[in-house]
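The values are calculated or read from the model by the stated rules, or taken from the named source; none is laboratory data. Since this is a predicted model, take the numbers as computed values, not measurements. Methodologically, a virtual Cβ is constructed for each residue, glycine included, from the backbone with ideal geometry; neighbour enumeration extends over all protein chains shown. The accessibility values were calculated without ligands, DNA or RNA, using every heavy atom of the protein model including side chains. Shrake-Rupley method; radii C 1.70, N 1.55, O 1.52, S 1.80 Å.
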Amino acid sequence: MSRSTSDVLVIGGGIIGLVTAWRAAQRGLRTAVADPEPGGGAARVAAGMLAAVTELHYGEETLLGLNVASAERYPAFVAELEEATGLDVGFRTSGTLAVALDADDRAHLRELHALQRRCGLASEWLTGRECRRLEPMLAPCVRGGLRVDGDHQVDPRRLSAALVLACERAGVVFHRARADRLSVVRGRAAGAVLADGAEPAADQVVLAAGSMSGRLDGVPDGALPPVRPVKGQVLRLAVPGAYAPFLSRSVRAVVRGSHVYLVPRENGELVVGATSEEMGWDTTVTAGGVYELLRDAHELVPGITELPLTETRAGLRPGSPDNAPLLGPSALPGLHLATGHYRNGVLLTPVTGDVMAAVLTTGELPEVARAFTPARFAPVGVS
Ligand code: GLY
């Protein structure tokens, strides 16, 4: 059995765990991460849209504040990360166009536009013709759309790789094994027992294991986050030189009630996502999932069927009961949560790092994150 001690042990080395570890180490905390494959997780699948405005939903105005705060931090965050690592994370400020294909979609998008304006967000209504002028590959039937120049993109795989390197350079220790159990000593989180037999100890533990966060052994019921896996299937295509530029910005729509988006990268990759399925831990790529994504994407951009299909994958979003993350102290002393980011993990990476570093150094949640305390899910009468 090997024992090592740090100030902070982060369970989970996806982008949320990594950014937490990086920011904690930068503040002088001796930090370790437990994960068999740091830089893996849902970010290996995600498209990387930073869609604070175009993914606004009714009833999620509180979450909007956190999303916008994180979007505002992105340029400085990327500059700092790229400076620290020398790696390009594929941050692209080319904006997003959300389009409507029929009268129902158009009415829905008009309502979204009104909500965005009430929330003080910048978006511009375009006619179908104006949409096609911006993006000539769009289908002739596009009936109108919303131009949102502030919804950018980043490449989550490059972001993950850069965060791993930034952590290494900041002195974060990696335990490349799965955490099997939280160690609790005298009613306080004290480290973890890992699958390789190691038992790293820590003064504070952060549970940042994405969709797995809700099922770590040893976490008492009252502290276990109500997080569940929500499957998303995503496709990757290549845009050969002869077709470039295929799209110049992210394009999205709701087709028959399902979200479809196309995210073009500078390197010629085109990411098409995503299904949203309550299938437990299943990550099978299904014929039906691929068919639906291609069918809906083809309705938006018919030329897509000419492109080589290079990859199909499924990942698990960490869903929470109110679609918002759980950030900060749990009901178990010494255990903090950074999980439940659902559809917004990539977008919320910068603000999560800042918030968790503040919690770990001061014990207090900063104002921007107060509404996301795990205590909001505590049973009535328990605080
Ligand atoms: N934010 C995109 C998705 O979760 O599919």
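Couple of notes before you dig in:
- Among 244, 43, 98, residue whose mean-square fluctuation peaks in a GNM of the chain (springs only between Cα atoms under 10 Å): 244
- Residue with peak Gaussian network fluctuation, the chain [Cα springs, cutoff 10 Å], from 241, 39, 334: 241
- Overall form of region 245-383 per C-alpha gyration tensor (a/c, 1.5; a/b vs b/c): prolate
- Helix axis angle, 61-85 relative to the chain longest principal axis, alpha carbon, degrees: 80
- Computed about its Cα centre, the charge dipole of the chain is approximately 120 debye, with only Lys, Arg, Asp and Glu carrying charge at their Cβ.
- Angle in degrees between helix 287-300 and the longest Cα principal axis of the chain, rounded to the nearest 10: 50
- Region 336-383: C-alpha gyration tensor shape, a/c 1.5 cut-off, then a/b vs b/c: oblate
- Mean-position separation - Cα centroids, region 225-248 and region 88-159, in angstrom: 16
- Charge tally for residue 318 (other residues, Cβ to Cβ under 11 Å; Lys, Arg +1; Asp, Glu -1): +3.
- Selection of trypsin sites (Lys or Arg not before Pro), region 164-217, meeting DSSP coil and at most 10 other Cβ within 10 Å: 186
- Of the peptides 345-355, 66-76, the ranking by mean beta-carbon count within 10 Å, highest at the top, reads 345-355, 66-76.
- Longest site-free stretch - the chain; sites: chymotrypsin sites (Phe, Trp or Tyr not before Pro), DSSP loop, at most 11 other Cβ within 10 Å: 59-280
- Taken along the Cα-to-beta-carbon direction at a fixed 7 Å, the label points for residue 118 and residue 305 span 4.1 nm.
- Computed with the Debye formula from one identical point scatterer per Cα of region 98-256, without solvent, the log10 of I(q)/I(0) at q = 0.08 Å⁻¹ comes to -0.47.
- Over the residues of the chain, the helix contribution to mean residue ellipticity at 222 nm works out to -8500 deg cm²/dmol, using -39500 (n - 2.57) for each DSSP H run of at least 4.
- Summing Lys and Arg as +1 and Asp and Glu as -1 over all other residues whose Cβ lies under 13 Å from the Cβ of residue 149 gives a net charge of +1.
- With the cut-off at under 16 Å, measuring from each backbone N in region 289-314 to a point 7 Å along the Cα-to-Cβ line of residue 133 picks out no residue.
- Per residue, the chain exposes 41 Å² of solvent-accessible protein surface, assessed with a 1.4 angstrom probe and all protein chains in place.
- The chain gives an Rg/Rh value of 0.98, both radii derived from C-alpha positions and Rh following Kirkwood.
- Across q = 0.15, 0.17, 0.20, 0.26 Å⁻¹, region 1-55 modelled as identical point scatterers on its alpha-carbon atoms has Debye log10 I(q)/I(0) values of -0.53, -0.63, -0.78, -1.00, in the order of the q list.
- Residue ranking by accessible heavy-atom surface, 1.4 Å probe, largest first, among 119, 167 comes out as 119, 167.
- For region 148-306, relative contact order (Cα pairs under 8 Å, six or more residues apart, normalised by length) works out to 15 percent.
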